[in-house]
Amino acid sequence: MSDRARVTRRGLLVGGAAAATALGIGPLLGQETTSPVPAASAVVPDRWGRLARITEGGLLRPSSPQFAAEALPNNLRFEQVRPEAVVPCRTPQMIAEVLAWCQDYEMPFAIRGGGHSYTGFSTSRGVVLDMSPMNAIAYDAASGRVRVAAGALNAQVYEALRGAGRMITHGRCPTVGAAGFLLGGGIGFNMRRFGVGADRLVASEIVTADGRVRALSGDEETDLFWAIRGGGGGNFGVSTSFTLETQPVDARLTVARLVWRDKTLEAAKALFACTDAGPRVLGSRIALGGVTPALAAKGRQVPLTLLAQYAGSREEFLALLAPVLAVAVPDFTDVRELAYWEAQHFLMEPGEPGWYRERSAFLASAPSEEFLETTIEHLRQWPGTGAQASLFFFQTGGQVNETPPEATAFVHRDSRWLGVVGAVWNAEDAARPEAVRAAKAWQDALYGVVNRFGGAGAFQNFPDASLVDWRARYYGANLGRLERIKAAVDPTNLFSFPQSI
Ligand SMILES: Cc1cc2nc3c(=O)[nH]c(=O)nc-3n(C[C@H](O)[C@H](O)[C@H](O)COP(=O)(O)OP(=O)(O)OC[C@H]3O[C@@H](n4cnc5c(N)ncnc54)[C@H](O)[C@@H]3O)c2cc1C
């Protein structure tokens, strides 16, 4: 019999009252008495002991040697949010019991996959449900589908798919969790040909607030299956697995990194023109970097960087870029044909823990010349606080926009680019509030520029605590249905955090 069956909240209250009366400890329950009060531990249940039993000894408390490292979020802006315990989850049944424990003791909690939430939504002052033990990945050659347990990290998914010669739409950071990535939609260089990551989900499993382990697919629990495809992490329950269709890896793949440090405006205009007109087999990310006024005065240009993947030959890719290469000569060029998963290593973003903040908005067209001029001017005013700052654009469109916005919870189906104003701090600046304030103010002003030039919506996988209209920005016209599903499946709002539905 599980602890859940033996200890319910009502059971605790009723049993506790009876025990208190028997022991003559009225004050614990608000009764008048003058008798001596025995130690509270005589009647207060050993909640941590119960959790340790549920987790079969895996529980980590602050006294555990590995606790400090295990409790740390990826975004160190939230490192001061320390949980009371980290709870390694091994099975859906264990998760159901942990959720019951949280409800019984009214303990706040957060679910953690890879821990890369920009806004610290996977850490808590209560307990952290650490999904990392549930990381099994099974590829089925007959169906071409892969089943990924929800605690797996991107790197583990890459490794399994590499072995099978398959690919999906995935991100660039090996330590991002598969669950966080997929629940928010999931963008990557393959999305223009295969859709966002969640578009290829065929089934999933989730533990909901009532402790039920639910199978989701196009035939079962269809509302919830709709909601988890872009409805954002942590809203509806604890996801435990995802089953996705995969594709065979490309026979030829070209990857590239080019940097221009001269004629930025001309190069950016030409670069947006040729990538925007490029075929779906092109995936690209274009970044403009911040330069301090002091360096700008010395002639330092705003750098322009292209990171790209092209399913075709190096020659074809260079031909596609010919118009921009004719306008401005890159300062740095690295264009290679590589096997698919080696190419992904080339494109990788390590995702080491750090201090960062990102603000995103979707764009219905490539940035205009005026937009680029205005942002380049703003980037030349970067106060220099922190390690780096940039405005970068992920190329969207293609297959992403072929799915109707109401077909899944991922509503952003009419954009061509996703613009992101990013700021990264180093440890020294993170300790100086005035430096952080200056960086944020500069970032907010640039975000205002992006919005002025048509930026709309925001990517739920890049949560932004400063958005007041985040509901509309993340979910648009799908918000109403998401709220109805949330009310049905989580009526007491057990799964709650600052930007939960
Ligand atoms: C360096 C870096 C690179 C990135 N690159 C990309 C990219 O290329 N494409 C892209 O789309 N995104 C990218 N992201 C964003 C990333 O996808 C999101 O931040 C994602 O939510 C992180 O998932 P996680 O599991 O690592 O994080 P977590 O912080 O663990 O989880 C994120 C959210 O999901 C919830 N959650 C986690 N696991 C579960 C679960 N099993 N069930 C229910 N809820 C759960 C958490 O509670 C939290 O609210 C990147 C982020 C970083 C930091």
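Across segment 251-268, what is the number of residues that are at pLDDT below 95, within 23 Å of SER313 (Cα to Cα) and not basic (Lys, Arg)?
So the answer is 1.
Any idea which of GLY188, GLY195 is near the ligand (Cβ under 9 Å from one of its atoms) and either within 27 Å of ASP276 (Cα to Cα) or crowded, with 24+ Cβ neighbours inside 10 Å (or both)?
GLY188
Filter segment 115-127 for residues that are more than 9 Å from the ligand (Cβ to nearest atom) and open to solvent by 20 Å² or more (accessible area, probe 1.4 Å) and give the result.
Correct list: ARG125 only.
Any chance you could count how many residues in segment 87-114 are assigned to a strand (DSSP E or B) and away from the ligand (no atom under 12 Å from the Cβ)?
Count: 2.
Condition check: open to solvent by 10 Å² or more (accessible area, probe 1.4 Å), at pLDDT 95 or above and either closer than 20 Å to ALA149 by Cβ or part of a loop (DSSP other than H, G, I, E, B) (or both). Does PRO62 satisfy that?
For PRO62, the condition - open to solvent by 10 Å² or more (accessible area, probe 1.4 Å), at pLDDT 95 or above and either closer than 20 Å to ALA149 by Cβ or part of a loop (DSSP other than H, G, I, E, B) (or both) - is met.
Can you pull out every residue in segment 338-396 that is within 23 Å of ARG432 (Cβ to Cβ) and in a helix (DSSP H, G or I)?
Those that are within 23 Å of ARG432 (Cβ to Cβ) and in a helix (DSSP H, G or I): HIS378, LEU379.
Considering segment 322-337 alone, what residues qualify as being open to solvent by less than 30 Å² (accessible area, probe 1.4 Å), touching a residue at least 60 places away in the same chain (Cβ under 8 Å) and not in a loop (DSSP other than H, G, I, E, B)?
Here is the first cut: in segment 322-337, the ones open to solvent by less than 30 Å² (accessible area, probe 1.4 Å) are 324, 328, 330, 335.
Now narrow it down to the ones that are touching a residue at least 60 places away in the same chain (Cβ under 8 Å): 328, 330, 335.
Within segment 322-337, just VAL335 meets the criteria.
Take the conditions closer than 23 Å to TYR310 by Cβ and either more than 15 Å from the chain's Cα centre (by Cα) or part of a strand (DSSP E or B) (or both) and apply them to TYR158. Does it pass?
Against the criterion (closer than 23 Å to TYR310 by Cβ and either more than 15 Å from the chain's Cα centre (by Cα) or part of a strand (DSSP E or B) (or both)), TYR158 qualifies.
Just to be sure, is ILE206 within 12 Å of the ligand (Cβ to nearest atom), part of a strand (DSSP E or B) and of a type in the set (Val, Ile, Thr)?
Numbers: within 12 Å of the ligand (Cβ to nearest atom): yes; part of a strand (DSSP E or B): yes; of a type in the set (Val, Ile, Thr): yes.
Against the criterion (within 12 Å of the ligand (Cβ to nearest atom), part of a strand (DSSP E or B) and of a type in the set (Val, Ile, Thr)), ILE206 qualifies.
Name the residues in segment 127-142 that are without any contact (Cβ under 8 Å) to a residue 60 or more places away in the chain and part of a loop (DSSP other than H, G, I, E, B), would you?
SER132, ASN135, ALA136, ALA141, ALA142
Does VAL146 meet the test of being surrounded by fewer than 24 Cβ atoms within 10 Å (Cβ to Cβ) and among the β-branched types (Val, Ile, Thr)?
Values: surrounded by fewer than 24 Cβ atoms within 10 Å (Cβ to Cβ): yes; among the β-branched types (Val, Ile, Thr): yes.
Against the criterion (surrounded by fewer than 24 Cβ atoms within 10 Å (Cβ to Cβ) and among the β-branched types (Val, Ile, Thr)), VAL146 qualifies.
Kindly indicate which of ARG90, ARG112, ARG82 is crowded, with 18+ Cβ neighbours inside 10 Å and among the charged types (D, E, K, R). Please lay out each step first, then the result.
Values: ARG90 fails: crowded, with 18+ Cβ neighbours inside 10 Å; ARG82 fails: crowded, with 18+ Cβ neighbours inside 10 Å.
Answer to the selection: ARG112.
Is it the case that segment 210-221 has a residue that's crowded, with 24+ Cβ neighbours inside 10 Å and either of a type in the set (D, E, K, R) or farther than 21 Å from LEU153 by Cα (or both)?
Within segment 210-221, one or more residues are crowded, with 24+ Cβ neighbours inside 10 Å and either of a type in the set (D, E, K, R) or farther than 21 Å from LEU153 by Cα (or both).
Taking segment 226-266 as the region of interest, how many residues are within 30 Å of GLY165 (Cα to Cα), open to solvent by less than 30 Å² (accessible area, probe 1.4 Å), of a type in the set (A, V, I, L, M) and away from the ligand (no atom under 15 Å from the Cβ)?
3
Quick one: which of ASP140, ASP130 is surrounded by fewer than 19 Cβ atoms within 10 Å (Cβ to Cβ) and of a type in the set (Asp, Glu)?
ASP140
I need every pair where a residue in segment 104-126 that is in contact (Cβ under 8 Å) with a residue 60 or more places away in the chain and farther than 17 Å from LEU153 by Cβ has its Cβ under 6 Å from the Cβ of a residue that is open to solvent by 30 Å² or more (accessible area, probe 1.4 Å) and assigned to a helix (DSSP H, G or I), sequence separation at least 6 or different chains.
ASP104/ARG9
Sort out which residues of segment 474-501 are more than 16 Å from the ligand (Cβ to nearest atom) and surrounded by 15 or more Cβ atoms within 10 Å (Cβ to Cβ), and write them in order of number.
GLY476, ASN478, LEU479, ARG481
Within segment 161-182, count every residue that is closer than 28 Å to PHE236 by Cα, surrounded by fewer than 20 Cβ atoms within 10 Å (Cβ to Cβ) and away from the ligand (no atom under 12 Å from the Cβ).
0
Go through segment 455-472 and report how many residues are within 16 Å of the ligand (Cβ to nearest atom) and assigned to a helix (DSSP H, G or I).
Count: 2.
Looking only at residues that are assigned to a helix (DSSP H, G or I) and either open to solvent by less than 20 Å² (accessible area, probe 1.4 Å) or hydroxyl-bearing (Ser, Thr, Tyr) (or both) in segment 302-321, which one is farthest from TRP260 (Cα to Cα)?
By that ranking, first place goes to PHE317.
The values are calculated or read from the model by the stated rules, or taken from the named source; none is laboratory data. The structure displayed is predicted, hence computed values, not measured ones. Counting neighbours? That spans all protein chains shown, and the Cβs are built from the backbone with ideal geometry, glycine included. Ligands, DNA and RNA are stripped out before the accessible areas are found, and what is left, the full protein with its side chains, is counted by its heavy atoms. Shrake-Rupley method; radii C 1.70, N 1.55, O 1.52, S 1.80 Å.
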